[in-house]
Ligand code: DP6
């Protein structure tokens, strides 16, 4: 392939898992990030104009560059991030039989230090931008598979709305697909930030610890059942079941985290205070549920009409630093707005 200009930009949304990915399958090389169970997520679009909860990435391949370089939020990418970026880029360079180096620049519009940053939007935007720059005409399914090489959750951020990721039996069969479009299921997340510091143990490391918990096998087995239940409930527009099952699945993941060796306890006192507030809101008749990723911040799932009441209640909880609201976002997309 001859390239005049191998440069492109893309934007992708982050996502919150309703059925969690925790632990890579040992049957495959770790860099494939093959999850042990099917997962489901909501792609997130922040409702305030400056906080869309997206990553915007521009990449350029050139024969004039001497080495690969990535700059994220104006900082050079650390070594592990660079490795993960190269898992994706090397697979693509191999496919097009090209050895040019790249330069990439990426910005997250997550509020600075809100503890919300996630690799999912970053690797999804990178995958889309890089395939576009290399003029690879790939399907959404293929994009999702390639994004997984960066992080397991990134395969879901290729799609908008509610997304189902198959654990798969091989690299080819482990991909995500859209379960329903953003407007087709009434769900929102009020995000309670209780700690803004980066977590001490990243998910990347945590995935290798999952197998040391006695509860890991039962979580995997139950997650497969949970995924079927949530899929059915989303298609049947049954928010209560989605919330109940998501909450249970979250608790199971944290039980595995807490009982792994070493033990991972991501919750802070304010995490628990928010959980109690959510229980109280339910008793007051508001349909809302919690889910928490590998960190102390809480996503409170509710329906659109309840956002305001839930947000008011959550931001009054002691220890909550700020709250954000997200609704289902769209697919990752190409943009002409280049960052350099
Ligand atoms: C707890 O390795 O996909 O969020 O944590 O952003 O590096 P990063 O991503 P990844 O692990 C995600 C773990 C999780 C659950 C989930 O998103 O499914």
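For this structure, a couple of remarks:
- Pick from region 18-38, criterion farther than 18 Å from residue 213 by Cβ and crowded, with 24+ Cβ neighbours inside 10 Å, ranking: farthest from the ligand (Cβ to nearest atom): 18
- In region 151-171, the residue that is nearest to residue 330 (Cα to Cα) out of those that are within 11 Å of the ligand (Cβ to nearest atom) and in contact with a helix residue (DSSP H, G or I) (Cβ under 7 Å, 6 or more places away or on another chain) is 157.
- Strands (runs of 3 or more DSSP E) lying entirely in region 233-340 (those with 2 or more residues that are over 24 Å from residue 152 (Cα atoms)): 322-328
- Considering (1) within 25 Å of residue 33 (Cα to Cα); (2) at pLDDT 95 or above, the lone condition that residue 205 does not fulfil carries the number (2).
- The numbered conditions (1) within 16 Å of the ligand (Cβ to nearest atom); (2) at pLDDT 95 or above; (3) out of contact with any helix residue (DSSP H, G or I) (no Cβ under 7 Å at 6 or more places or on another chain) are all true for residue 178 except (1).
- When residue 214 is tested against (1) more than 21 Å from the chain's Cα centre (by Cα); (2) in a helix (DSSP H, G or I); (3) more than 27 Å from residue 286 (Cα to Cα), just one condition goes unmet, and that condition is (2).
- The residues on offer are 262, 287, 283, and the sole one that is more than 21 Å from residue 178 (Cα to Cα) and free of Cβ contacts under 8 Å to residues at least 24 places away in the same chain is 283.
- Taken together, the residues in region 195-219 that are over 20 Å from residue 154 (Cβ atoms) and touching a strand residue (DSSP E or B) at 6+ places or on another chain (Cβ under 7 Å) amount to 0.
The values are calculated or read from the model by the stated rules, or taken from the named source; none is laboratory data. The model shown is predicted, which means the values in this text are computed figures rather than measured ones. Positions of Cβ are generated from backbone atoms using ideal geometry, with glycine treated the same way; all protein chains shown enter the neighbour counts.
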